[in-house]
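Take a look at the structure below.
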Amino acid sequence: MKFPAQTIYRILAHIAFVATATLSLTAPLHAAGASNAATPGAATTGAATTSVPTPTQVAPAAYRISVGDVLSFDILDDVDLPVSLTIGTDGAAAFPLIGAFKVEGQTIPEAVDALRSEFLSRQLLTAPKLSLSIVTVRPVLILGEVRTPGSFAYYPGLTVEQAVGLAGGPQTAMSNPADRIIARAKLRGTIEETDVEIVREAVYAARLNAQLRGSDKVDLKDVPESVKKYVDEASVGPVVAIEEKILKTDLLSTKNQLEILKQSIMQTEASLMILDKLKAQQQEVVGLNEQIEARTLALRKRELNTESELSRVKMATSGERSRLWELVSEIGRSKREFASLKLQLETLTANREKEILTLLQEREATLKKLETQRRTTEEQMLLMAAADNDASKQQQVSFLYKIDRETGRGEAKTRQSIEATKVTAVLPGDVIFVSIAGL
């Protein structure tokens, strides 16, 4: 038989190690080869075709390798340390020397046999001694009536009851007296918190109504009718006091803004009246200057005055016209400012009213939400009380277990639903559903 140069080099380089390792590996190899005793030719090949048992092997012997599993692989003929390999989505892992090799759907013994055949067919090793074990397998998913649903690590011998224990145990209001006491206390706390929120929102709504009226006092008659009973039963003095402070601050701020705008409007209006009077006076001045200019021009034509005198009169008339146009321009600017101030005043009033109405709508929606939340919590307390009073029902609580398990290999892979009990063995990748019998 001819060997590739790489194989010859490996044999020469590790011949001393092989001689020493033969003695040290006698016991484990004997254990590993025990399962092959019935296979013809196993003794003549001298190959370990099953994995050497290791503490890290976590899957049952019949478990089939699946995507996401982490394997530990070692060629016992060399001094290299074992390598960890992850099964990819294509079902293959990158093994030393041979590269990507598909082992998905095979048991550990089947995968070892396939790998050994691959090493032999490629003439990489003459009598390969291989170790293969599963380090990490897919987690178990636990759903339904458990305290902490989710995925949990698999370990050998895991049963349904143990898996449910990993998820915190069954979740039911009747499962534990201490839990029921704590649950009722939490529900009472939720109701009290909701009542406080309802009162706060109700007084807030009353304050908004007072803002619309321009009042500086919060009137509890403005509280929405549906929540008045909560306000009547509560001590609302501190809440009302705070809301009235907010109300007075808002009214003062709004009043100041309105005052400033109104004063500005009045001042601008007064300025416009003065400018109109100045404009009328200036128009008279311009008219007089135009008459003087006309007489001066007539005298100049008769040569009864000088050219310089005519020029002086024309300049005076032109100056008065310029002042008239300046007044007209100033009147235009003042009118625009007046219109802008009136618009600001109207916008301030309208926006304030719109904002308050929007906030009132929000308070109404929030109060309805809080009332619904309170009713739901009360219903939960009633149901819990009814369960506590029904002693016979407490003794009849039982759970149903169902396992969704992956079966088949390759393209024929499917998921099968299995009715289970507490002692049913769980496999990696199983999905366990827990439900209450009769519900």
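The values are calculated or read from the model by the stated rules, or taken from the named source; none is laboratory data. Because the structure is a prediction, the values reported are computed rather than measured. For neighbour counting, all protein chains shown are included, and Cβ atoms are generated from backbone atoms with ideal geometry for every residue, glycine included. The area values use the complete protein model at the heavy-atom level, side chains included, leaving out ligands, DNA and RNA. Shrake-Rupley method; radii C 1.70, N 1.55, O 1.52, S 1.80 Å.
Net length available on complete extension from Val196 to Ile181 is 3.1 nm, with 0.36 nm assigned per residue and the Cα-Cα distance removed. For the stretch 109-214, with all protein chains in place and a probe radius of 1.4 Å, 55% of the accessible heavy-atom surface sits on carbon or sulfur. Ordering 305-314, 117-126 by mean Cβ neighbour count within 10 Å, with the highest value first, yields 117-126, 305-314. Note on Lys354: lysines with a C-alpha under 27 Å away, same-chain residues under 8 apart excluded, are Lys217, Lys221, Lys228, Lys245, Lys248, Lys255, Lys262, Lys342, Lys368, Lys369.
Taking amide H as placed 1.01 Å from N in the peptide plane, the amide H of Ser66 sits under 5 Å from that of Gly105, each at least 5 places away or on another chain.
Give me the number: length gained by fully extending Lys262 to Ala114, i.e. 0.36 nm times residue separation minus the C-alpha to C-alpha distance, one decimal in nm.
Here the answer is 43.7 nm.
Within straight-line reach of Lys301, meaning a Cα separation under 25 Å, sit the following lysines at least 8 residues removed in sequence or on another chain: Lys314. Of the peptides 232-238, 90-96, the order by per-residue mean of other Cβ atoms within 10 Å, starting with the highest, comes out as 90-96, 232-238.
Legend: calculated FRET efficiency, Val83 to Thr421, from the Cβ-Cβ distance at R0 = 25 Å, rounded to 0.05, equals 0.05. Computed over protein heavy atoms with a 1.4 Å probe, the accessible surface of the stretch 66-119 works out to 40 Å² per residue. What the Cβ-Cβ distance of Met384 and Ile246 gives, at R0 = 41 Å and to the nearest 0.05, is a FRET efficiency of 0.55. Dipole orientation for the stretch 220-367: of the candidates Leu247, Trp325, Thr366, Trp325 has the Cα lying most toward the positive pole (charges on Cβ; Lys, Arg +1; Asp, Glu -1).
Spin-label model, Arg302 to Glu353: label points 7 Å out along the Cα-to-beta-carbon direction sit 7.1 nm apart.
Take each peptide in 97-104, 66-73, count the other Cβ atoms within 10 Å of every residue, and average; sorted highest first, the result is 66-73, 97-104.
Ligands, DNA and RNA are left out, and with a 1.4 angstrom probe the accessible area of the stretch 240-371 is 70 Å² per residue. Full extension of the chain between Glu290 and Leu343 yields a length gain of 15.0 nm, computed as 0.36 nm times the residue separation minus the alpha carbon distance.
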